Amino acid sequence: MKIIFRLVLAAALVALGIWLWTVLFPSPEKVIRKRLTELARTVSFSPNEGNLARLADAENLAFFFSTNIEVNIDMPGHERHVFAGREEITQAVLAARSAVSGLDVKFPDIVVAIAPDKQSAVADLTVEANISNERDPIVQEMKFTLHKTDGKWLVTRVETVRTLSILNFEPLRFPSIVLT
Amino acid sequence: MPAQNQPTQTAQTLRLPDWLRIVLIGRNPKVTLARIAVLIVSCFIIFKFILFAIRAEGISMLPTYQDGSIHLMSRVAYLWHEPQRGDVVSIRLAGAHMMYMKRIIGLPGETIAFANGQVLINGQTLDEPYIKFFCDWNLPPEKLGPDEYYVVGDNRTMPPQYHEHGIAKRDRIFGKLLL
């Protein structure tokens with residue numbers, strides 16, 4: 001009985017040690033997931049949020065991206081949009097925020113692949129965006145390329161992934177609600 | 001004396017009637033415990049690796065599947081054979097939390113087109129009894145690759161630009177809808 005108790009105690013201590021190790025020294029995958037979840041939270045805003053808070057959030061958003069960030073949005077049935085640099089992104093986000101009353105963005109699935117040099121990574125994720133007063137969410141698969149700069153994972157490229165591809169397709173001649 | 005009798009009385013009042021004890025924990029508690037363990041492990045294996053409960057959101061599969069309805073999907077349906085035309089499948093995006101629910105209309109190697117709402121497979125009209133609403137789509141032919149399937153919803157009343165459909169790679173097909 002004493003041996004069993006000691007074994008159980010040893011196993012519990014090992015488990016505690018492993019847990020502490022993962023908390024103190026999280027893996028790059030975990031850090032990236034956390035950062036992307038924060039990004040989704042920063043993009044989201046409630047209908048009753050003040051203008052100053054919106055502006056602050058839009059400016060905070062810039063710190064998630066590298067200076068040479070490129071965003072390439074190409075959704076089926078919509079015109080293609082390309083944004084380059086933090087300034088353009090901040091402007092696009094502010095424009096989007098003024099177009100809709102509220103937005104709740106989530107990344108329910110994030111699949112991270114770290115490059116062998118551990119300095120860059122690609123995250124394939126699903127974006128679920130719920131716009132206030134809209135019944136159906138916008139669902140889109142996206143690919144985020146990240147690079148480690150001064151110890152921080154910054155997004156260098158964002159592009160849409162075509163889950164269902166269509167080769168010969170005429171886009172509608174008005175922009176998506178996400179981009180206006 | 002009353003003070004000495006009290007514990008016995010409390011134990012007697014807390015003791016469950018035999019019939020209720022049998023209903024709640026069975027005749028043999030050890031066997032009941034083993035049954036519960038087997039049930040939990042079975043449920044975990046079934047709902048993690050074999051069946052998947054999903055909730056349909058949106059109108060693209062109307063009238064076959066209603067918005068908000070709950071369904072079961074088999075993850076092992078395509079272990080022994082490839083997806084068939086007419087199967088309703090779930091197409092994964094980045095993961096399994098959000099997926100598209102669509103019907104397979106085109107198989108690998110085929111050429112798919114839409115003419116006045118009719119699906120043409122290699123130039124031949126496809127009979128689709130599940131389509132109940134009017135459709136006037138006209139889309140040019142698409143030749144599918146060796147591991148590509150053409151998927152689309154049953155409700156094609158909206159313009160094709162508003163309806164998520166197109167070519168899905170085989171590895172994106174996550175499972176087949178059972179009910």
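The values are calculated or read from the model by the stated rules, or taken from the named source; none is laboratory data. Worth saying up front: this structure is predicted, and the values here are computed from it rather than measured. Cβ coordinates were reconstructed from backbone atoms using ideal geometry, including for glycine residues, and neighbour counts include every protein chain displayed.
Things worth noting here:
- Residues in the stretch B:116-137 that are under 14 Å from B:MET158 (Cβ atoms) and free of Cβ contacts under 8 Å to residues at least 60 places away in the same chain: B:GLY117, B:ILE131, B:PHE134, B:CYS135, B:ASP136, B:TRP137.
- Filter pass, A:SER101 being closer than 22 Å to A:LYS34 by Cα and away from every other protein chain (no Cβ under 14 Å): no
- Number of the exception - A:SER66 against (1) outside any helix (DSSP H, G or I); (2) more than 14 Å from chain B (Cβ to nearest Cβ); (3) under 27 Å from A:ASN133 (Cβ atoms): (3)
- Single unsatisfied condition, A:MET142 versus (1) more than 17 Å from B:PRO159 (Cα to Cα); (2) at pLDDT below 85; (3) out of contact with any Pro (no Cβ under 9 Å at 6 or more places or on another chain): (2)
- Flag if B:LYS30 is of a type in the set (Lys, Arg), crowded, with 16+ Cβ neighbours inside 10 Å and on the phi < 0 side of the Ramachandran plot: no
- Residue list for the stretch A:104-133, filter: in contact (Cβ under 8 Å) with a residue 40 or more places away in the chain and either acidic (Asp, Glu) or touching a Ser or Thr at 6+ places or on another chain (Cβ under 7 Å) (or both): A:ASP104, A:VAL105, A:PHE107, A:SER132
- B:ASP147 more than 26 Å from B:ALA53 (Cα to Cα) and free of Cβ contacts under 8 Å to residues at least 24 places away in the same chain: no
- Restricting the stretch A:69-92 to residues that are closer than 29 Å to B:MET158 by Cβ and not in a loop (DSSP other than H, G, I, E, B), the residue that is nearest to the chain's Cα centre (by Cα): A:VAL71
- Any hit, the stretch B:156-167, residues being more than 13 Å from every other protein chain (Cβ to nearest Cβ), of a type in the set (D, E, K, R) and either surrounded by 14 or more Cβ atoms within 10 Å (Cβ to Cβ) or touching a helix residue (DSSP H, G or I) at 6+ places or on another chain (Cβ under 7 Å) (or both): yes
- Any hit, the stretch A:51-61, residues being on the phi < 0 side of the Ramachandran plot, within 14 Å of the chain's Cα centre (by Cα), within 14 Å of another protein chain (Cβ to nearest Cβ) and at pLDDT 85 or above: no
- Qualifying residue in the stretch B:56-70 (condition: among the hydroxyl-bearing types (Ser, Thr, Tyr), farther than 22 Å from B:ILE167 by Cβ and outside any loop (DSSP other than H, G, I, E, B)): no
- Scan of the stretch B:56-71 for residues that are surrounded by fewer than 14 Cβ atoms within 10 Å (Cβ to Cβ), away from chain A (no Cβ under 12 Å) and either touching a residue at least 12 places away in the same chain (Cβ under 8 Å) or within 11 Å of the chain's Cα centre (by Cα) (or both), ordered by number: B:PRO63, B:SER69, B:ILE70
- Residue in the stretch B:157-170 that is closer than 20 Å to A:VAL161 by Cβ, modelled with pLDDT of 90 or more and over 24 Å from the mean Cα position of the chain (by Cα) present: no
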